[in-house]
Amino acid sequence: MNREAQIRLAVFKWLEEQCALYDDVLPWSLLQHGFRFHGEQIALVGQQGIWKPKVFESIPLSIRSSPQAAYNDGVTDDGFLHYKYRGTDPNHRENVGLRKAMVERVPLVYFHGLSTGKYVAAWPVFIIGEDRRSLSFTATLDDKQQVQNEGLTSEDGDSSRRRYITASFRVRVHQRAFRTRVLEAYRSQCAFCKLRHAELLDAAHIIPDSDPHGEPVVSNGLSLCKIHHAAYDRHFIGVTPDYQIVVREDLLSEIDGPMLRHGIQEIHNRRLILPSKQAERPDRERLALRFEQFRRAI
């Protein structure tokens, strides 16, 4: 196995570890700094969307879409990832590098921008087509285990499997984007108790995403710590349309340890901590629907 192939495998392994540490949302600074491989620093991203480290000869390591990008990159309804050329010249060296990755079936990493400086990673990504009229490449994700079994350079994968994995990544992006936007709106703190450790926070839906009214928008979300998220989902705690926190009556009279006393009982009748932007505050109609469910569950 040549040096570039070894580095790609090391990148995949490193990303697996970082995704576990950062709950799947990776900061730009981490990706730009990268990691050391046999004494050499390997950055995973650069200022250009198509990134090739200096130690690589011609085929890029990663492709990236930015939340502010003018290009319409991303997973579409057809189950594929569409990625625009660098510029308009098909023979630009970066476009040539992606074309070579397609011909040689070399896997890349795809970084999807959620918000400024925050990315979700997907790998292995294979370039499987090119449309010079639309100045774009078509790419697809494949199963990590499948690539490990077949070797770094995979043969053409099963198209239905690849479509499914790519579509699943689209769902994952939407979930992570919702969490990122909600936590940013609430300044990374629990709306019930002010806990500020993002690792312990969730984006809770007011109306579940399985419901027609459960859109993944900030106004349908609450930033909650994991204890309060579980309590809210199980109707231990409700929120009125006027942003008042209400604890279930039987819990108020229950005697238990400090978690119940300080974490649940003492937040009864407190006012919800709200985002500063009016448009990002919880939708009152959704809160009313959810609070009615809370009342029926009592």
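Structure notes:
- Only beta bridges with both residues in segment 3-182 are counted; by DSSP, about 85 percent of them are antiparallel.
- In terms of surrounding Cβ atoms within a 10 Å radius of their Cβ, CYS19, CYS225, CYS193 rank from fewest to most as CYS19, CYS193, CYS225.
- Among VAL106, VAL96, VAL25, the order by Cβ neighbours within 10 angstrom, fewest to most, reads VAL96, VAL25, VAL106.
- Only lysine pairs 8 or more places apart or on separate chains count here, and in the chain those with Cα atoms under 23 Å apart total 19.
- Other residues within the sphere of radius under 14 Å centred on the Cβ of GLN293, judged by their own Cβ, net out at +2 (K and R +1, D and E -1).
- Here is how the number arises for the chain: DSSP H runs of 4 or more residues each give -39500 (n - 2.57), the sum is divided by the residue count, and the result at 222 nm is -10000 deg cm²/dmol.
- Extents of segment 214-298, taken as max minus min of Cα coordinates on every principal axis and listed largest first, are 39, 26, 20 Å.
- Simple point charges give the picture: +1 on the Cβ of Lys and Arg, -1 on the Cβ of Asp and Glu, and for segment 3-182 a dipole about the Cα centre of about 460 debye.
- Per-residue Cβ neighbour rank within 10 angstrom, fewest leading, VAL11, VAL173: VAL173, VAL11
- Max mean-square fluctuation residue, GNM over the chain, Cα-Cα springs under 10 Å, options GLN265, GLN175, GLN145: GLN145
- Euclidean distance between Cα centres, segment 189-261 to segment 104-119, Å: 32 Å
- Amide H contacts of ILE128: THR138, ALA139, THR140, each under 5 Å away and 5 or more positions distant or on a separate chain (H built 1.01 Å from N in the peptide plane; Pro and chain starts excluded).
- GNM result for the chain, Cα springs below 10 Å: residue of TRP51, TRP28, TRP14 fluctuating most strongly: TRP14
- Springs between Cα atoms under 10 Å define the GNM used for the chain, and in it the highest mean-square fluctuation of GLY257, GLY97, GLY129 occurs at GLY257.
- Cα gyration tensor of segment 94-229 - equivalent ellipsoid semi-axes, whole Å, descending: 36, 15, 15
- Cα centroid of segment 127-142 to Cα centroid of segment 37-53, whole Å: 22 Å
- Answer label for mean projected area of the Cα convex hull in nm² (calculated), chosen among (i) 18.4; (ii) 15.6; (iii) 20.8: (i)
- A run of the chain free of exposed loop cleavage sites, with GluC sites (Glu not before Pro) counted only in DSSP states other than H, G, I, E and B and at most 15 other beta carbons within 10 Å, reaches its longest extent at 156-253.
Quick note: the coordinates plus some simple rules give every number you see, no bench work behind them. On a predicted model such as this, the values are computed, not experimentally measured, just so you know. Because the Cβ atoms are built from the backbone with ideal geometry, glycine has one as well, and the counts that use them run over all protein chains shown.
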